[in-house]
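The values are calculated or read from the model by the stated rules, or taken from the named source; none is laboratory data. If you're wondering where the values come from, they're calculated on a predicted model, not measured in any experiment. Positions of Cβ are backbone-derived with ideal geometry, glycine not excepted, and every protein chain shown enters the neighbour counts. Calculation scope for accessible area: heavy atoms of the full protein, side chains included, ligands and nucleic acids excluded. Shrake-Rupley method; radii C 1.70, N 1.55, O 1.52, S 1.80 Å.
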Amino acid sequence: MLYVVGDIHGRLDLLQDLESQIDADARRLGLPPTVVYLGDLVDRGPASAQLLDRATGPGPAGWIRHFLAGNHELMMLGFLQNPKANLAWLDFGGIEALYSYGFQPSELEQIRRQPAKSVNLLRSYVPEDHVAFLETLATGLLYPGLLLVHAGIRPGVPLEEQSDLDLTRIKAEFLDSTADHGVLVVHGHSIVKTPEIRPNRIAIDTGAYATGVLTALRLTGTSPPAFLQTGAGRNE
């Protein structure tokens, strides 16, 4: 039983709710769940550090979990490795992420003023296992006839030649394409009001950090796609 979770963006509360729904749904159907998280666990919302704690810790009993990199994981990792070259991350949700680790406003101002001298400060707050987790994230997961990825793919480019930049950031070229990609692509990154099913892709980023609606897609191989959602969402 495969479940795919869309962009979480620091909303641990929503993930806890959705994971409880997934667990109950899998038990009802009598199949152990494999759960794939499409990236953007971090930034914008209030609990990025706590989400990475959850991701690096043991999963629920009987679950198989896979975590993919989104553009926000890659931005965060770049910042932790080289703050001066990646200072822009702070304005794309990075401030909220650092607050979740306990950073103080004065320390954030210090980072902005002297980013090159901030590596030790960052290491004093961000656990090594969080950094190692970010470093090992894959940017896609391929099943027969199915590709799970954060943003999408570049149409016309073989899967083995897709770049990490496109897999984690592409928008219009992918969203507007009606091409047969050879696989059904399940993705997040581009916010939709409700999950969107197209012949060549399924979009499940419902803007959780702002809307309170976090979405998971259930795929069984024999039944039509179904969705579990939090907040204002609904279960199908």
*Count of segment 44-61 residues which are farther than 19 Å from Asp129 by Cβ and modelled with pLDDT of 95 or more*: 3
*Restricting attention to segment 98-110, which residues are outside any loop (DSSP other than H, G, I, E, B) and either free of Cβ contacts under 8 Å to residues at least 24 places away in the same chain or of a type in the set (Phe, Trp, Tyr) (or both)?*
Tyr99, Pro105, Ser106, Glu107, Leu108, Glu109, Gln110
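Give the residue, chosen from Arg169, Arg218, that is within 20 Å of the chain's Cα centre (by Cα) and more than 26 Å from Ile22 (Cα to Cα).
Details: Arg218 fails: more than 26 Å from Ile22 (Cα to Cα).
The unique qualifying residue is Arg169.
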*Taking Ala85 as meeting all but one of (1) under 23 Å from Gly212 (Cα atoms); (2) of a type outside the set (Lys, Arg); (3) open to solvent by 10 Å² or more (accessible area, probe 1.4 Å); (4) out of contact with any helix residue (DSSP H, G or I) (no Cβ under 6 Å at 6 or more places or on another chain), write down the number of the exception.*
(1)
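Can you find a residue in segment 24-40 that is in contact with a His (Cβ under 9 Å, 6 or more places away or on another chain) and open to solvent by 60 Å² or more (accessible area, probe 1.4 Å)? Break it down stepwise before answering.
Just the residues of segment 24-40 that are in contact with a His (Cβ under 9 Å, 6 or more places away or on another chain), to begin with: 34-40.
Right, trim to open to solvent by 60 Å² or more (accessible area, probe 1.4 Å) and you get none.
For segment 24-40, residues in contact with a His (Cβ under 9 Å, 6 or more places away or on another chain) and open to solvent by 60 Å² or more (accessible area, probe 1.4 Å): absent.
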*Name the residue, out of Thr139, Thr222, Thr211, that is loosely packed, with under 15 Cβ neighbours inside 10 Å and of a type in the set (S, T, N, Q).*
Thr222
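Among the residues of segment 114-130, write down those that are outside any helix (DSSP H, G or I) and either closer than 13 Å to Leu90 by Cα or β-branched (Val, Ile, Thr) (or both). Walk me through it before giving the result.
First, the residues of segment 114-130 that are outside any helix (DSSP H, G or I): 114, 118, 126-127.
Residue satisfying the conditions is Val126 alone.
Inside segment 133-145, can you point out the residues that are touching a residue at least 60 places away in the same chain (Cβ under 8 Å) and not in a strand (DSSP E or B)? Can you show your working first?
Initially, segment 133-145 is screened for residues touching a residue at least 60 places away in the same chain (Cβ under 8 Å), giving 133-134, 137-141, 143.
If the condition is that a residue be touching a residue at least 60 places away in the same chain (Cβ under 8 Å) and not in a strand (DSSP E or B), then Phe133, Leu134, Leu137, Thr139 are the ones that fit.
Considering each of Ser177, Ser190, Ser163, Ser118 in turn, give the residue that is surrounded by 15 or more Cβ atoms within 10 Å (Cβ to Cβ) and without any contact (Cβ under 8 Å) to a residue 24 or more places away in the chain.
On the way: Ser190 fails: without any contact (Cβ under 8 Å) to a residue 24 or more places away in the chain; Ser163 fails: surrounded by 15 or more Cβ atoms within 10 Å (Cβ to Cβ); Ser118 fails: without any contact (Cβ under 8 Å) to a residue 24 or more places away in the chain.
Selected residue: Ser177, the only one of Ser177, Ser190, Ser163, Ser118 that is surrounded by 15 or more Cβ atoms within 10 Å (Cβ to Cβ) and without any contact (Cβ under 8 Å) to a residue 24 or more places away in the chain.
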*Quick check: is even one residue across segment 151-174 within 27 Å of Arg11 (Cα to Cα), among the small types (Gly, Ala, Ser) and in contact with a His (Cβ under 9 Å, 6 or more places away or on another chain)?*
yes
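Condition check ((1) under 22 Å from Thr139 (Cα atoms); (2) basic (Lys, Arg)) across all residues:
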site	(1), (2)
Gly6	yes, no
Arg11	yes, yes
Leu14	no, no
Leu18	no, no
Thr34	yes, no
Asp40	yes, no
Asp43	yes, no
Ala47	no, no
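From the set of residues in segment 204-231 that are small (Gly, Ala, Ser) and part of a strand (DSSP E or B), which is farthest from Ala151 (Cα to Cα)? Please lay out each step first, then the result.
Step one: filter segment 204-231 for residues small (Gly, Ala, Ser), giving 207-208, 210, 212, 216, 221, 223, 226, 231.
Checking the rest, the ones that are also part of a strand (DSSP E or B) come to 216, 226.
Numbers: Ala216: 16, Ala226: 20 Å.
Restricting to residues being small (Gly, Ala, Ser) and part of a strand (DSSP E or B), the top hit is Ala226.
Here is a yes/no grid of residues against (1) in contact with a Lys or Arg (Cβ under 7 Å, 6 or more places away or on another chain); (2) part of a loop (DSSP other than H, G, I, E, B):
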site: Ile8; (1), (2): no, yes
site: Ala24; (1), (2): no, no
site: Val36; (1), (2): no, no
site: Gln50; (1), (2): no, no
site: Met76; (1), (2): no, no
site: Glu96; (1), (2): yes, no
site: Arg112; (1), (2): no, no
*Failed condition for Ile170, given (1) out of contact with any helix residue (DSSP H, G or I) (no Cβ under 8 Å at 6 or more places or on another chain); (2) over 17 Å from Ala69 (Cα atoms)*: (2)
